[in-house]
Amino acid sequence: MKIGVLFIENEQSIIKELIQNVIPLQEEWDVFFAETGDRALQILADNQIDFVFSSPSITCSNGANVLSEVKKIFPETIRFALVPNLEHNTIAQVSQFVHQFATPPYTTESLKQRVERASNLQKNLKNPALIDLVKNTTSLPSLPEIYIQIEQEAIKPDFSLQKIAALIAKDPNLTSKILQIVNSAFFGLQREISNISFALSYLGINVVKSLIFYIHLFSNFKVTPENRKYLEQIWKHSLVVASNSFHLAQKYLTNKYEIDSAYTAGVLHDVGKFVLLNTHNYPQNIILLTEEKMIDNYEAEMELYSCTHSDIGAYLLGLWGFPLTIIEAVSYHHNPSLLGKEQLTLATIVHIADFLYYIPRLDVEHILNLNFEKQLLLSIDYFKTLRQMKFK
């Protein structure tokens, strides 16, 4: 069965480029074009459309952004915004309506790769065992109201950090917790952040939003007394990985959108464990199996539940409407090679940030002076494999 793809664009030069580059894909794709929002919605109503690529400036006759309408009426459709660059001024306004941003050049290969990556992720998240686990979780909260209010404020043309700071400041307890985390060793800041306005301007809206969401999730999640200690370990671990991801992304990534998403992906990378904590004897069953077979937690989860916390976390973030870039990073943070990309991705950054949490002190300067870093990584992989072989 062919994949249905709709392009919504009224700039003739972009339309021409898209038409030229989708022609080689017509054996695999059913391709549609619309120059107005109303025409696009009609095509969606009459056809099976799996992916929408749209200019973020196109609206419908009722004045609503077409991407907003697609999200509301056809929520299962994957939505890409066609933007000239990732610093474009419309990104903040449409970020809550789209799964990902697509920048030129719109080559056949780049369009195909985007669709294939999204398709593969969707297939992975349709695991029946995974869906049953999530459905049976009764204590998982929804997006906090303050988070939604910040999203709504951020898309306004006249939005300001002061208005967003005022929204957060209405909750003194939340404000205090955010500032406590921001001023802890996790961020390693050179100056104390004394109010939310400074935190927003210094760290950005995405970091503060991520903290709000995670504080809300942690505070409202009901867990048995015996698992409370484990939940607190997840809390500490997630904050460290988020901070590691934040700093690594700033240093090594070039994609601004991925850099801005790094803290969010890091702090939410283990959110799927919240669901597993609702199952009988998790993490006790995991610990027993890892010791018995000398496998890691990730492999033990797959054996016991037919899915992992990475899969569950990605599924939850999809339900909550997080961008595809973050969902992808959470889904693949244990195995970023499955993305099939040679360059550094956000999933790779979170993978490394997670790994750094567990390693003991290492004389890095000495290793580098010996030019032994590649051999060190190969040795780690070798001994991991050797340990597993011994106990099978």
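The values are calculated or read from the model by the stated rules, or taken from the named source; none is laboratory data. The structure presented is a predicted model; accordingly, all values stated were derived computationally and were not measured. Please note: Cβ atoms are built from the backbone with ideal geometry, for glycine as well, and neighbour counts cover all protein chains shown.
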Legend entry - Given (1) of a type in the set (A, V, I, L, M, F, W, C); (2) surrounded by 19 or more Cβ atoms within 10 Å (Cβ to Cβ); (3) out of contact with any His (no Cβ under 7 Å at 6 or more places or on another chain), number of the condition Leu276 does not satisfy: (3)
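If you check Val31, Val52, Val22, which single one turns out to be under 13 Å from Leu111 (Cβ atoms) and either in contact (Cβ under 8 Å) with a residue 60 or more places away in the chain or surrounded by fewer than 17 Cβ atoms within 10 Å (Cβ to Cβ) (or both)? Show your work before the answer.
Values: Val31 fails: either in contact (Cβ under 8 Å) with a residue 60 or more places away in the chain or surrounded by fewer than 17 Cβ atoms within 10 Å (Cβ to Cβ) (or both); Val52 fails: either in contact (Cβ under 8 Å) with a residue 60 or more places away in the chain or surrounded by fewer than 17 Cβ atoms within 10 Å (Cβ to Cβ) (or both).
Of the residues listed, the single one that is under 13 Å from Leu111 (Cβ atoms) and either in contact (Cβ under 8 Å) with a residue 60 or more places away in the chain or surrounded by fewer than 17 Cβ atoms within 10 Å (Cβ to Cβ) (or both) is Val22.
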Legend entry - Boolean, Phe372 is at pLDDT 85 or above, over 17 Å from Val241 (Cβ atoms), surrounded by 10 or more Cβ atoms within 10 Å (Cβ to Cβ) and aromatic (Phe, Trp, Tyr): yes
Inset, instruction - Go through the range 28-139 and tell me which helices (runs of 4 or more DSSP H), entirely inside it, have 3 or more residues that are more than 23 Å from the chain's Cα centre (by Cα). - result: 37-46
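Please specify each residue of the range 187-227 satisfying the condition of being under 16 Å from Asn173 (Cβ atoms) and among the small types (Gly, Ala, Ser).
So in the range 187-227, the residues under 16 Å from Asn173 (Cβ atoms) come out as 195-196, 199, 208, 211-220.
Passing the criteria: Ala199, Ser219.
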Inset, instruction - Please verify whether the range 346-366 includes one or more residues that are surrounded by fewer than 20 Cβ atoms within 10 Å (Cβ to Cβ), free of Cβ contacts under 8 Å to residues at least 40 places away in the same chain and of a type in the set (S, T, N, Q). - result: no
Legend entry - Every residue from the range 172-198 that is surrounded by 13 or more Cβ atoms within 10 Å (Cβ to Cβ) and either closer than 27 Å to Gly272 by Cβ or touching a strand residue (DSSP E or B) at 6+ places or on another chain (Cβ under 9 Å) (or both): Leu174, Lys177, Ile178, Ile181, Val182, Phe186, Phe187
Inset, instruction - Working only within the range 325-345, note down all residues that are part of a helix (DSSP H, G or I), in contact with a Leu (Cβ under 7 Å, 6 or more places away or on another chain) and farther than 16 Å from His309 by Cβ. - result: Thr325
Inset, instruction - Could you tell me which residue of the range 223-270 is surrounded by the most Cβ atoms within 10 Å (Cβ to Cβ), considering only residues that are assigned to a loop (DSSP other than H, G, I, E, B) and in contact with a His (Cβ under 8 Å, 6 or more places away or on another chain)? - result: His269
Legend entry - Cross-chain or 6+ apart pairs with Cβ under 7 Å, the range 180-207 first and over 20 Å from Gly266 (Cα atoms), then in a loop (DSSP other than H, G, I, E, B): Glu192/Asn183; Ile193/Asn183
Legend entry - Residue match in the range 288-310 (condition: within 29 Å of Phe97 (Cα to Cα), of a type outside the set (A, V, I, L, M) and in a helix (DSSP H, G or I)): yes
